[in-house]
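In what follows, a single structure is set out as structure tokens and then discussed.
The values are calculated or read from the model by the stated rules, or taken from the named source; none is laboratory data. Since we're looking at a predicted model, the values are computed, not measured. In this analysis, Cβ positions are derived from the backbone assuming ideal geometry, glycine residues included, and neighbour counts consider all displayed protein chains.
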Amino acid sequence: MKIKETFLFVVLTFLLTGCGYRIGFTGHPQISSLAVAPVVNETLLFNAAGNLRASLCERIVTDGTYKLLNESKADCIIHARVVEALFSEVSWDTDDDDLDEFLPDYYRVNVKVQYSVILPGRVKPLIGPATVTGTAMFDHVIDLENARRNGVKQALWDASKKIVDACTEAW
């Protein structure tokens, strides 16, 4: 009998003293699906448009708030443009042969993405135009160009998370 009373007390305590967190669907109640329009790449980054579009689609599916549909069937469409990429050195290391020469060995990439979320048939966007910045760090292992490409993919992944979060939580 004591176990049942303790269990009932614990359940009632959790139900009555909630912290105000919302569990479950956090999206707009009138929207059930999103689409991602073809992304425009205004930089010299290799395949940035394809990487951002793939990241956005994956984030929508992973988030689970909305269904991912094509543009003709979706309630809202995300339009995005990759507008800027800035690379900078973060740390330097000495060459083993020459202790006076410092070479960069760790880099940061910041990718700026402009986006808007549009309801089909309406002129005014639901969200935007807005800008997010995705950031990633990468190191110079052997091939700097492949490291840069992977860093850009990670930065676009970060930007896509911010865009999908804005769609699902900023109503």
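Overview of values
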read-out	value
Selection count where residues are farther than 18 Å from residue 128 by Cα and either modelled with pLDDT of 85 or more or not charged (D, E, K, R) (or both), scope the stretch 75-95	8
The lone exception for residue 109 - which of (1) under 20 Å from residue 37 (Cβ atoms); (2) touching a residue at least 24 places away in the same chain (Cβ under 8 Å) it fails	(1)
Residue 113 vs. criteria closer than 16 Å to residue 49 by Cβ, at pLDDT 95 or above and crowded, with 17+ Cβ neighbours inside 10 Å	yes
Residue match in the stretch 159-171 (condition: over 18 Å from residue 60 (Cα atoms) and at pLDDT below 90)	no
One residue from 27, 20 being part of a loop (DSSP other than H, G, I, E, B) and either closer than 30 Å to residue 152 by Cα or modelled with pLDDT of 85 or more (or both)	27
When residues of the stretch 124-164 are limited to those that are surrounded by fewer than 15 Cβ atoms within 10 Å (Cβ to Cβ) and under 19 Å from residue 28 (Cα atoms), the one nearest to the chain's Cα centre (by Cα)	129
Positions within the stretch 143-162 being over 15 Å from residue 86 (Cα atoms), touching a helix residue (DSSP H, G or I) at 6+ places or on another chain (Cβ under 9 Å) and among the basic types (Lys, Arg), in sequence order	161
Candidate set from the stretch 45-65 (those that are more than 15 Å from the chain's Cα centre (by Cα) and not polar (S, T, N, Q)); member that is surrounded by the most Cβ atoms within 10 Å (Cβ to Cβ)	45
